[in-house]
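Shown next, in structure tokens, is the structure this report addresses.
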Amino acid sequence: MSDNLHDVALSFAEVDYSIGRKKILDRVSFKVPKGTVFAIVGHNGAGKTTLFHLLLGLKFQQSGQILLSSKSNLDYRARAGLGYVPERPYVELDITFRQHLMFHARLSGVSINEFALEVVRVANWVGLEKSLDSELSTFSKGMLQKALLAQAMLCDPNLLILDEPMSGLDPDARNELKLKITELKRAKKTLIFSSHALEDVEQLADWVLSLHEGKVNFSGTVQEWRLSR
């Protein structure tokens, strides 16, 4: 992997995070090359969610350094150009898909003159343009996951974080989402996703980080990860 900062989408260097005396992340270090799909694996409690919270600015490390596009995660501007899809769809279900996207477009900094076009663009990209005026309460699990992906794609981010994106999806919805991830990879987007499904990691990832009880026990290419198992 190149050590040139311009080739690195984000990096962790000796990052620690604790709650009381319990270490959640313990001297975690890794780099994510730009334009790659980077998978984070580990059992429940391994530290994956905390790692994502640090990237999203929901928590801050007690020591160590996190850089996003060469900027410290302690600077909110580092998260410009970042999209996020949570594992569970924490959304207001009594509004339409269009209203949901319009709200998040405002938060994302979309120009007021571009609201309508941007909403249609992302809805069309996930194949839900005909459902823009349907309430989210009528959406299936797969449709809600697409709606969250559309939301994450507002402003065309360069870095996408997907937390267990395949969780609870039926086979057709899983395949559709995999196609979208492949499409984003071809577009040279950087994607970070967590997964318990090893076959998804093998199919989609270029690089793998494995966490165990807050420590890195593997970091390398997906080919190296296969050989290490």
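The values are calculated or read from the model by the stated rules, or taken from the named source; none is laboratory data. This one's a predicted model, so the numbers in the text were calculated from it and none came from an experiment. So basically every Cβ, Gly included, is an ideal-geometry build from the backbone, and we count neighbours across all protein chains shown.
Among the conditions (1) of a type outside the set (S, T, Y); (2) buried (at least 21 other Cβ atoms within 10 Å of the Cβ); (3) in a strand (DSSP E or B), the only one that A147 does not satisfy is (3). Within the range 198-214, the set of residues being within 16 Å of the chain's Cα centre (by Cα) and either under 20 Å from L179 (Cβ atoms) or charged (D, E, K, R) (or both) comprises D200, V201, L204, A205, D206.
Pairs meeting the criteria (first residue in the range 150-174 and on the phi > 0 side of the Ramachandran plot and touching a residue at least 24 places away in the same chain (Cβ under 8 Å), second residue surrounded by fewer than 21 Cβ atoms within 10 Å (Cβ to Cβ) and not β-branched (V, I, T), beta carbons under 6 Å, at least 6 apart or on different chains) are C155/S108; E164/E87; G168/K141.
Here are some residues: L177, L211, L198. Which one is assigned by TED's automatic domain parsing to the domain that holds L55, hydrophobic (A, V, I, L, M, F, W, C), in contact with a Gly (Cβ under 9 Å, 6 or more places away or on another chain) and in contact (Cβ under 8 Å) with a residue 12 or more places away in the chain? Only one candidate qualifies: L211. Evaluate the range 82-93: report whether one residue or more is more than 24 Å from H43 (Cα to Cα), at pLDDT 95 or above, surrounded by fewer than 19 Cβ atoms within 10 Å (Cβ to Cβ) and out of contact with any helix residue (DSSP H, G or I) (no Cβ under 6 Å at 6 or more places or on another chain). Checked the range 82-93: no residue is more than 24 Å from H43 (Cα to Cα), at pLDDT 95 or above, surrounded by fewer than 19 Cβ atoms within 10 Å (Cβ to Cβ) and out of contact with any helix residue (DSSP H, G or I) (no Cβ under 6 Å at 6 or more places or on another chain). Restricting D26, D16 to those that are under 29 Å from L198 (Cα atoms), surrounded by fewer than 16 Cβ atoms within 10 Å (Cβ to Cβ), in contact (Cβ under 8 Å) with a residue 12 or more places away in the chain and touching a Gly at 6+ places or on another chain (Cβ under 7 Å) reduces the list to D16.
With the requirement that a residue be surrounded by fewer than 17 Cβ atoms within 10 Å (Cβ to Cβ) and under 14 Å from the mean Cα position of the chain (by Cα), what does the range 159-174 give you? Correct list: S167 only.
Table: residues versus (1) out of contact with any Ser or Thr (no Cβ under 6 Å at 6 or more places or on another chain); (2) closer than 23 Å to M166 by Cα; (3) free of Cβ contacts under 8 Å to residues at least 12 places away in the same chain.
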{"position": "I66", "(1), (2), (3)": "yes, no, no"}
{"position": "S69", "(1), (2), (3)": "yes, no, no"}
{"position": "R77", "(1), (2), (3)": "yes, no, yes"}
{"position": "P89", "(1), (2), (3)": "yes, yes, no"}
{"position": "I95", "(1), (2), (3)": "yes, no, no"}
{"position": "S108", "(1), (2), (3)": "yes, no, no"}
{"position": "I112", "(1), (2), (3)": "yes, no, yes"}
{"position": "F115", "(1), (2), (3)": "yes, no, no"}
{"position": "V120", "(1), (2), (3)": "yes, no, no"}
